[in-house]
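Worksheet for the structure shown next.
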Amino acid sequence: MVLLLRDLFRAALFLITFFLGIAGLYITLQADFLAAVQVLIYVGAVAVLILFAIFFTRQVQQGNPPNRFRWPALVVAALVFIALAGVLANTPWAISQEAPPAYSTGALADALFHQWVLPFEIASVLLLAALVGAIALGKEE
Amino acid sequence: MAVSLQHYLVLSALLFSLGIYGVLGRRNVIVLLMAVEILLNAVNIAFVALSRFVVPAVVTGQVFAVFVITVAAAEVTVGLAIVMAVYRRRSTVDIEQIDLMRW
């Protein structure tokens, strides 16, 4: 629906529903902190940004037309799905019987600040760079 | 039937292929960015599902998912800034008309 709707605004609302659905899936996977992060960042920031951009670049005649590559794109997407789903469903995963931690926040914080602290710091530098870049690109001449 | 790992992974593959169709087959640049968000969420599901079923005690998949969310947020910001800059100049968001760098 996100990709096929003509009205871009409705497509963005479906994207918000998509993000909320993914957050629900995280909760079923015992990733409660990640679900909260997903709602906060994706619904709260990314979707709002996309809505801003849609209102800013409103083109009511065209909306959401398909490309001239739509049939090759459909074929490629179908091939990718068959290959991926085939491999993923037929691999013998070593499923363990342990229980995941009851509240994932502690385990996530342990991992983020002990083992993965360097990517964490680099991610904050990345966010700074994105901020500066977006401001620089958004300035009017 | 119990929801097993394969269900989550097939869902992730389905969302990934839908995102690929969106990136390749749509004209509006903002729809492209939304399709990229679909792609990133699909791989996040795969990360978290694999982490929960294969190594539940160590939440490595969720750590990676946090980083993917971070990178996605940064990328959407810069991408939309570029879209707005291009729109200001060319008054269009149709990628078939923004072919300044094509041969």
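Each value in this text was obtained by applying a stated rule to the coordinates, not by laboratory testing. Because the structure is predicted, anything quoted here is derived from the model rather than measured. Glycine also receives a Cβ, built like all others from the backbone with ideal geometry; neighbour counts cover every protein chain displayed.
Listed by position, the helices (runs of 4 or more DSSP H) contained in the range A:1-110 that have at least 3 residues being over 21 Å from B:Gly22 (Cα atoms) and out of contact with any helix residue (DSSP H, G or I) (no Cβ under 8 Å at 6 or more places or on another chain) are A:70-90, A:104-110. Every test in (1) within 7 Å of another protein chain (Cβ to nearest Cβ); (2) surrounded by fewer than 18 Cβ atoms within 10 Å (Cβ to Cβ); (3) of a type outside the set (S, T, N, Q) is passed by B:Ile69 save one, and that test is (2). Taken over the range B:76-96, the criterion of being touching a residue at least 12 places away in the same chain (Cβ under 8 Å) and either in a helix (DSSP H, G or I) or more than 18 Å from A:Asn64 (Cβ to Cβ) (or both) is satisfied by B:Val76, B:Gly79, B:Leu80, B:Val83, B:Val86. Across the range A:55-108, the qualifying residues are those that are farther than 23 Å from B:Ala35 by Cα and within 22 Å of the chain's Cα centre (by Cα), and the one among them that is surrounded by the fewest Cβ atoms within 10 Å (Cβ to Cβ) is A:Thr105. Scanning the range B:24-65 for residues that are at the interface with another protein chain (Cβ under 8 Å from one of its Cβ atoms), within 12 Å of the chain's Cα centre (by Cα) and either of a type in the set (Asp, Glu) or within 27 Å of B:Ala85 (Cβ to Cβ) (or both) yields a count of 7. Within the range B:1-14, being surrounded by 22 or more Cβ atoms within 10 Å (Cβ to Cβ) and not small (Gly, Ala, Ser) holds for one residue alone: B:Leu9. Whenever a residue of the range A:28-54 is at positive phi, its partners that are buried (at least 17 other Cβ atoms within 10 Å of the Cβ), lying with C-beta atoms within less than 7 angstrom and at least six residues away or across chains, give the pairs A:Gln30/A:Pro100; A:Gln30/A:Ser104; A:Gln30/B:Arg52.
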